[in-house]
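What follows is a single structure, written as structure tokens, with notes after it.
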Amino acid sequence: MNTETAKPTVLIIDDDRLLCEMASEFLSGAALKVLTAHTGREGLALCSQNHIDIVLLDQKLPDGEGYDLCPRIINFSENAKIIFITAFPSFKNALKAIESGAFSYLTKPFELKELKLAIDKCLRVSELEKAEASLHYQHDKEAGSSALVGEKGSMASISKLIETAAKSEAPVLITGETGSGKSRIAKLIHMRGNRRGPFMVINCAALPENLIESELFGYEKGAFSGAHTVKKGLLEIAENGSILLDEIGEMGFHLQAKLLGVLDDMQVRRVGGVISHPVQVRIMAATNSALDAKIKNREFREDLYYRLNVLRLQLPPLRDRKEDIPGLTKAFLAEMAPQRKMMVNDADLKEMLFYPWPGNVRELRNVIERAVIHAGEGNELHVSPLLPGQTGIHKDGEPLSVAETILPLAEMERRHIDMAIKKFHQNYTRTAKALGISLNTLKKKAPKS
């Protein structure tokens, strides 16, 4: 690798040869590539032949004014930062330099350390601009590919609600079983909206209450043992973006009250702080719990429920939208193996349509991912061996009769989970992974002995 080309390039355009020599020698030791020119024509020639990051441009040159060179330099290197240097300081000159495209302004004579600080500032701003451009590119790319699989049938109303929510800034409450795609729906709402900030997720059931509070709201230096510096919370970091509070039903009462205050005032107070900081963030919440029952049991604040429940999306389980399984399978294959034309044969697809999918879309994705791994170099997926238990299909491939197959959904789920636990010899971790659900969910749903 040529490390010379990896260095930021600084171009000095000044007719003072001693200044050029001193500045070049000083900056060359700071991981910078330095070029020098003593006339405007020489400077423009170097700009046309090199990628320039920073230009030190003198106001008075033998062949013209530095102001006139600014637009022409930017034409060659549109992201170049121009530091205007002059021996004739005045507010009028400074204003004219900035209007011409200069980034900063230095008055001769100046200390070399002062010059280094100005160059470091230019480099930091350039890095931030590159990071911002990368985020915008990623956002636009995801927005272009953000599609809801199954926008007909049972998901038609959900599709309309997503479009409504994307055009609004109101809080959104997304409910549905574990694995039904609540996080995916929240991200779709964010991507189709007008916010260009980040999309962030925090699982309220995965962390203790005190950690969730510091993650969400941040903390001040000295707020608790180990708080050696100030830390912004996710509500501040997600500026002009969206945040999803997953498993909101598991949030503690104390935090519920604090969150209600944020929704009302759009201000946060860090842990250990006394000052409220304004935030600009879209708040969404998701849960697989029955919040109505939690309200009755005084486990969830009724006022917070009504504040969150402005726009409500109830996602159907996969067993109620099996017509979407072929489309979901195709979308997962396009994501996991974009360069391969993989497909599921008709027999396996029939098995998939009769399988109850207790882990919903998450379980389907898990099965497809495993099938892709097991397929090796082949393009035909064999999914049925990865589906635990009986799927409701006879050996001849015909579905069982209605009298044989109809069971209450809760009983079907219970039997399926029981069968899966036995197949994996009581190994709950492997069982949860195979079903595409969390270990905590499996323990809650597992038949009691």
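The mean sequence distance of close C-alpha pairs (under 8 Å, at least 6 residues apart), as a share of the length of the chain, puts its relative contact order at 11 percent. Result for the chain in a Gaussian network model with C-alpha springs under 10 Å: among Asn360, Asn194, Asn345, the largest mean-square fluctuation is at Asn345.
The stretch 214-287 and the stretch 21-74 have Cα centres lying 47 Å from one another. A Gaussian network model of the chain, with springs between Cα atoms under 10 Å, assigns the largest mean-square fluctuation among Gln426, Gln267, Gln256 to Gln426. Taking Asp346, Asp418, Asp246 in turn, the Gaussian network model of the chain (Cα-Cα springs below 10 Å) assigns the largest fluctuation to Asp346. Considering only Leu291, Ile185, Gly252, whose Cα is most displaced toward the positive end of the charge dipole of the stretch 162-295, charges sitting on Cβ of Lys, Arg (+1) and Asp, Glu (-1)? Farthest along the dipole direction, towards plus: Ile185. Each residue in Arg307, Arg17 was given a count of other beta-carbon atoms within 10 angstrom of its own, and listing them fewest first yields Arg17, Arg307.
Residues Ile275, Ile74, Ile283, arranged from fewest to most other Cβ atoms within 10 angstrom of their Cβ, appear as Ile275, Ile74, Ile283. Close amide-amide hydrogen proximity is noted between Ile12 and Leu35, Thr36, Ala37, Leu56, each under 5 Å apart and 5 or more residues distant or on a separate chain (H modeled in the peptide plane; Pro and chain starts excluded). Residue by residue, the stretch 329-340 carries 3J(HN,Hα) couplings of 4, 4, 5, 5, 5, 5, 7, 7, 9, x, 8, 10 Hz when phi is fed to the Karplus relation 6.51 cos²θ - 1.76 cosθ + 1.60 (θ = phi - 60°); x denotes Gly or Pro. Under the criterion of Cα pairs below 8 Å and six or more residues apart, the relative contact order for the stretch 3-131 equals 21 percent. Principal-axis analysis of the Cα atoms of the chain puts helix 112-145 at an angle of about 30° to the longest axis. Relative contact order, whole percent, for the stretch 146-316 stands at 32, derived from Cα pairs under 8 Å and 6 or more residues apart. Peptides 186-193, 52-59, 439-446 ranked from most to least packed, by the mean per-residue count of other Cβ atoms within 10 Å: 52-59, 186-193, 439-446. Would you mind checking the tilt of helix 91-100 against the longest principal axis of the Cα atoms of the chain, expressed as 0 to 90 degrees and rounded to 10? For helix 91-100, the angle is close to 50 degrees. Neighbour counting of Cβ atoms within 10 Å sorts the residues Phe103, Phe224, Phe84, fewest neighbours leading, into Phe224, Phe103, Phe84.
The numbers here are math on the coordinates, done by the rules we state, and not lab data. Just so we're clear, the structure is a prediction, and the values are computed from it rather than from any experiment. All Cβ positions, glycine included, derive from the backbone under ideal geometry; neighbour counts span all protein chains shown.
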